[in-house]
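What follows is calculated from the coordinates using simple rules that are stated; it is not laboratory data. Note that the structure is predicted; figures quoted are calculated from it, not measured. Cβ sites come from the backbone with ideal geometry, for glycine too, and all protein chains shown count toward neighbours.
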Amino acid sequence: MSAPLKIAVLGASGRMGAEAVKAIETATDMELVAALGRGDSLDTLLEVGATHVVDLSVPSSTETNVRFAVEHRMHAVIGTTGWDEAKRESLATLLAKNPGTGVLIAPNFALGSVLASAFAATAARYFESVEIIELHHPNKVDAPSGTAVRTAELIAAERASAGMDPSPDATETQIEGARGAVIDGIHVHSVRLRGLVAHQEVLLGGTGEQLTLRHDSYDRASFMPGVLLGLRTVASRPGLTYGLDGYLELGR
Ligand SMILES: NC(=O)C1=CN([C@@H]2O[C@H](COP(=O)(O)OP(=O)(O)OC[C@H]3O[C@@H](n4cnc5c(N)ncnc54)[C@H](O)[C@@H]3O)[C@@H](O)[C@H]2O)C=CC1
Ligand SMILES: O=C(O)C1=N[C@H](C(=O)O)C[C@H](O)C1
């Protein structure tokens, strides 16, 4: 049997971080070597000899955390939101200077969510209209969700390759925000409601019909198989992978 992966969790006291600590502690091929939170020194990662980090911190910290890991040749699995195109490009440049190091940015670790986004992208070329509604717990600090941004990007790319027009919309006047955020031409609406965890609907409309693709995470345990898959795979995928779908055989 090979040596266990030596894993550090960043954001370990948070909702996701605490769940990841539990999942890693029960995985026989992994050893939890550090559980760090706000204010802890990243030098601890070097002191404990971490080979992998999982970043589940906050959008304002994740880039600093992950760049430190990559500069010290640790593989990183990132669940934290906020990795826009400019940050991803800059990270890819850093990775090119640290060959052999792998990073996964996973907007959503839940297998059902990854599949729903892929199905939505496939379906979006057959429907004139498409909009996204994401629904989350009210403690979430960012909107729209990283998952919704990624889903919109996938849908927009698919529609562009099919040469489709924008979804029809006759709106001439509106109260600001009424039509949601617009990401690559796709409207995204964010709901924040006590009792929710993480949910998304993609609404696809054609003349006389509607297809709705909905995914629900009722518990953060739903994200853990994806976190563990990411940790087990990332070292064999040097460079930057954006989306857990990059590690799955989705037949697309
Ligand atoms: N990819 C996925 O499947 C999922 C991603 N998320 C994302 O993960 C992130 C965390 O979500 P939650 O756990 O709900 O948030 P949370 O607020 O419960 O946890 C974040 C934790 O990070 C800590 N922290 C702040 N600065 C830090 C630093 N510099 N280093 C280490 N830790 C630091 C905070 O003190 C807090 O304990 C968010 O961006 C969220 O959108 C959440 C759920 C699933
Ligand atoms: O903050 C959350 O809770 C979640 N964040 C991620 C996102 O922004 O998409 C993943 C999931 O939706 C839960």
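Using Cβ contacts closer than 10 Å as the measure, can you line up Y247, Y126 from fewest to most?
The fewest-first ordering by Cβ neighbours comes to Y126, Y247.
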For region 111-217, with +1 on Lys and Arg beta carbons and -1 on Asp and Glu, the positive-most of M164, H199, T151 along the dipole: H199
Residue-wise HN-Hα coupling along region 4-13, computed from phi with Karplus coefficients 6.51, -1.76, 1.60 (Hz; x: Gly, Pro): x, 5, 9, 10, 10, 9, 9, x, 5, 8
Region 111-217, Rg to Rh (Cα coordinates; Rh as Kirkwood inverse mean 1/r): 0.96
Electrostatic dipole magnitude of region 111-217 [Cβ: Lys, Arg +1; Asp, Glu -1; Cα centre; debye, to 20]: 400
Under 5 Å, built H, 5+ apart or other chain: amide partners of L196: none
Estimated D of the chain in µm² per second, where Rh is the Kirkwood radius over Cα pairs and Stokes-Einstein applies at 10 °C, 1.306 mPa s: 83
Neighbour-count ranking [beta-carbon atoms within 10 angstrom, fewest first] of S57, S41: S41, S57
Along each principal axis, Cα extent of region 28-178, largest first, Å: 59, 33, 32
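Taking a ≥ b ≥ c as the square roots of the eigenvalues of the Cα gyration tensor of region 85-136, is the shape rounded (a/c under 1.5), prolate (a/b larger than b/c) or oblate?
prolate
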Rounded to whole Hz, the Karplus (6.51, -1.76, 1.60) HN-Hα couplings of region 169-186, x for glycine and proline: 6, 8, 4, 10, 10, 7, 6, 3, x, 4, 9, x, 7, 10, 10, 6, x, 9
Simple Cβ-charge dipole of the chain, Lys/Arg +1 and Asp/Glu -1, about Cα centre, in debye nearest 20: 540
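Quick check on the exposure proxy: order H199, H215 from fewest to most C-beta atoms within 10 angstrom. Working shown, then result.
Numbers: H199 20, H215 23.
The most exposed by this proxy come first: H199, H215.
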Average Cα contact separation per residue, region 111-217, under 8 Å, 6 or more apart, as relative contact order %: 42
Efficiency of FRET from Cβ geometry, A160 and T212, R₀ 22 Å, rounded to 0.05: 0.45
Hz values of 3J(HN,Hα) by residue in region 130-143 - Karplus curve (6.51, -1.76, 1.60), Gly and Pro given as x: 8, 9, 10, 10, 10, 10, 9, 4, x, 8, 5, 8, 10, 8
